């Protein structure tokens, strides 16, 4: 079975729609910069992302949005809980999730010190959260 093709423009529009819906300001980092500098600033409801040119950039943008509106982003959550919560959000709302997305997520979590031995458990936890989230939101109208 093949996965439906999702175009870059669809991913870019999805990020823009989520940001507009949640009143999030977006600052774009130049693609000419060699090192990505993604971040979220909850106080100002601002994210800094790269333009959505591929799936990796797309899920990274969703992850930053997750730091503003996703689960486990409170003061009582430690850094790893916040990172995992933002990935749960990203996986939950993504219109496409690929092996590239999984690899981006894994590299990011490992960079924050997640032990290799915890990866499968964390990935399965995120996947279960996303499946539950989607099952609860299927057919729910987006009312403004």
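Laboratory data are not the source of any read-out in this text; all were calculated from the coordinates shown. Remember, it's a predicted structure, so these values are computed and weren't measured experimentally. Glycine also receives a Cβ, built like all others from the backbone with ideal geometry; neighbour counts cover every protein chain displayed.
When only C-alpha pairs under 8 Å and at least 6 residues apart count, what is the relative contact order of the chain, in percent?
It rounds to 18 percent for the chain.
For the chain, what are the per-bin percents of Cα-Cα distances with bins 5 Å wide, up to the bin holding the maximum?
Whole-percent P(r) values from 0 Å outward: 2, 9, 18, 24, 23, 15, 7, 2, 0.
I'd like the distance between the alpha-carbon centres of segment 59-81 and segment 1-53, rounded to an integer number of Å.
15 Å
Run lengths n ≥ 4 of DSSP H only: what is the helix-derived mean residue ellipticity at 222 nm for the chain, with -39500 (n - 2.57) per run over all residues, to the nearest 500?
Mean residue ellipticity, 222 nm, calculated: -17500 deg cm²/dmol.
As a footprinting exposure proxy, order 88, 82 by other Cβ within 10 Å, with the fewest listed first.
Ordered from fewest to most neighbouring Cβ atoms within 10 Å, 88, 82 come out as 82, 88.
Quick one, what does Rg over Rh come out to for segment 8-50 if you take C-alpha atoms and the Kirkwood Rh?
0.99
Given points 7 Å out from each Cα along the Cα-Cβ axis, report the residue 110 to residue 8 separation in nanometres with one decimal.
Going by the 7 Å Cα→Cβ label model, 2.7 nm.
Calculate the spin-label point distance for residue 27 paired with residue 45, positioning each point 7 Å from the Cα along the beta-carbon direction, and give it in nanometres.
1.7 nm
Between 112, 38, 133, which gets the highest mean-square fluctuation from a Gaussian network model of the chain, Cα cutoff 10 Å?
Among 112, 38, 133, the largest mean-square fluctuation in the Gaussian network model of the chain belongs to 112.
Taking R0 as 22 Å, what's the FRET efficiency between residue 120 and residue 78 from their Cβ-Cβ distance, rounded to 0.05?
For residue 120 and residue 78, the calculated efficiency is 0.60.
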